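Written out below as structure tokens is the structure these notes cover.
The values are calculated or read from the model by the stated rules, or taken from the named source; none is laboratory data. Just so we're clear, the structure is a prediction, and the values are computed from it rather than from any experiment. Counting neighbours? That spans all protein chains shown, and the Cβs are built from the backbone with ideal geometry, glycine included. For accessibility, only protein heavy atoms count, side chains too; no ligands or nucleic acids. Shrake-Rupley method; radii C 1.70, N 1.55, O 1.52, S 1.80 Å.
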Amino acid sequence: MENADAFVSSTAPLTWHDFLERMRHPSAADFVKSIKSFIVSFTNRVPDPERDSVSVQEFLASMEGAFRSHSLFAGCTEEELESAGEGLEKYVMTKLFNRAFASLPEDVKHDEELSEKMSLLQQFIRPENLDIKPTFQNETSWLLAQKELQKINMYKAPRDKIVCILNCCKVINNLLLNASIASNENTPGADEFLPVLIFVTIKANPPQLHSNLLYIQRYRRQSRLVSETAYYFTNILSAESFIWNIDAQSLSMDAEEFKNNMESARALLSGLETHTGNQNQDTSHHSIGEPASPEKGGTKSVNEAEKYHAPPKKPSISVLEKKGAADLLKDDELNRHFQEYPFLYASAGDLTVDDVESLLNSYKQLVLRYVCLSKGMPISSSSVSDSAKTEPQTDTMRNFEDGMNASKGEDTRIQESSSFSSLVDIDNIEMKLHTDASVRHPGPDADEAST
């Protein structure tokens, strides 16, 4: 596990700030000059991804070597030198992003075709098509993983982009570990992980996925693309390749069924685009307050208008909670609904430091599930307070002479909703669950087995 801690040590916000501060020092003038000269030279060249990749890798390696022998970094620890290298890569690639990212027309075309294929697959693919066991099917965790992957286009630095991939993969990995512990199954491996990652990637359909992966391959410092980072990155590359070549056999589906599903999905998406376009066109043909004539298709009937514009009445969230609680009490296999929550009846003394990550993931699942449910119900938005999630470091930087600023993420909190208290019969459910010995915190032994 050489360099296993290199990625973690380089993520601390103070180390990025320290790099910027060092570059302001008068003795760093030669470094600043070299960096600026390289950026100008690179920008003025005709795009050639292979040559560009080699050029960047050699420049980064050369500069990091110069750091080690310069008085500005005298006495620095390996962690601090590693951080300086991360800061250099982040600054250089942020400046070169518009020139280096998706620099060839064929990459842009590949992005568009891959995105279109995932849009079609989204309409009919099911977990069973990828042989994902029911034990490992968790829509809430999958949604959380999708959101992490979809953040990849918010950033310009290769490291920040790969953080999004790692976060996505770790959500999936935690789901598999928790599910395997709850069901007393063997620790899941690549055969369980990759199908879930493929499914999550299709559902997320992050724009320009192909170009993002190429960008990381070409411009992420190769000495840092190791260990856990390399493992997860290899998996996302495999997922992209699988999706690009996906066919009926890949999904354990009859060829004719696959063809029909793809054609139906294409017709559905085409119909949605056409309907949206027609609505916009009809609106643009009439001024405000002027009724559209029937022969122009502007209006047809009151009933049809109501059909499109009057949504069906939704039950309140409290009604759904009551119904769910009542249904749970009637279920003879109540415990199976709580198998994915192994800490449900753990006491403080049962927990270990190793449980923190699993608990945090379970908390995120719970919050996300409840917020999604709340948003789908006609309840006041004030009952669920949410704000922007904590993000990886952003890429906004000024010139060295103008004073380079370290970017800052915004810490957020999702507050507990008072609507939780509306769940009726919760005491009865707890009493029923307490009688079932199979719903328990896994304990230290189980944690050790999962690591």
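Scanning the stretch 121-138 for residues that are under 17 Å from Ser264 (Cα atoms) and either in contact with a strand residue (DSSP E or B) (Cβ under 7 Å, 6 or more places away or on another chain) or buried (at least 19 other Cβ atoms within 10 Å of the Cβ) (or both) turns up Leu121, Ile125. The residue that is modelled with the lowest pLDDT, among those in the stretch 245-272 that are outside any helix (DSSP H, G or I) and open to solvent by 80 Å² or more (accessible area, probe 1.4 Å), is Ser252. Checked against the criterion of being part of a helix (DSSP H, G or I), open to solvent by less than 30 Å² (accessible area, probe 1.4 Å) and touching a His at 6+ places or on another chain (Cβ under 7 Å), the stretch 92-113 contains one or more residues that satisfy it. The residue that is nearest to Ser103 (Cα to Cα), counting only those in the stretch 208-244 that are part of a loop (DSSP other than H, G, I, E, B) and open to solvent by 10 Å² or more (accessible area, probe 1.4 Å), is Gln208.
Under the condition of being part of a helix (DSSP H, G or I) and either under 29 Å from the mean Cα position of the chain (by Cα) or not hydrophobic (A, V, I, L, M, F, W, C) (or both), the residues counted in the stretch 55-91 number 24.
For the stretch 145-153, check the following and say yes or no: at least one residue is modelled with pLDDT of 95 or more, open to solvent by less than 10 Å² (accessible area, probe 1.4 Å) and of a type outside the set (A, V, I, L, M, F, W, C). For the stretch 145-153, residues modelled with pLDDT of 95 or more, open to solvent by less than 10 Å² (accessible area, probe 1.4 Å) and of a type outside the set (A, V, I, L, M, F, W, C): absent. Inside the stretch 184-197, residues that are open to solvent by less than 10 Å² (accessible area, probe 1.4 Å) and not aromatic (Phe, Trp, Tyr) make up a count of 2. Filter the stretch 154-179 down to the residues that are among the charged types (D, E, K, R) and in a helix (DSSP H, G or I), then identify the one that is most open to solvent (accessible area, probe 1.4 Å). Within the stretch 154-179, the match that is most open to solvent (accessible area, probe 1.4 Å) is Lys170. Taken together, the residues in the stretch 68-78 that are under 12 Å from Asp18 (Cα atoms) and loosely packed, with under 15 Cβ neighbours inside 10 Å amount to 0. Please verify whether the stretch 134-149 includes one or more residues that are touching a helix residue (DSSP H, G or I) at 6+ places or on another chain (Cβ under 8 Å) and more than 21 Å from Pro195 (Cβ to Cβ). No, the stretch 134-149 contains no residue that is touching a helix residue (DSSP H, G or I) at 6+ places or on another chain (Cβ under 8 Å) and more than 21 Å from Pro195 (Cβ to Cβ). Kindly indicate whether any position in the stretch 9-17 is hydroxyl-bearing (Ser, Thr, Tyr) and at pLDDT 95 or above. Looking for residues that are hydroxyl-bearing (Ser, Thr, Tyr) and at pLDDT 95 or above, one finds none in the stretch 9-17, hence no.
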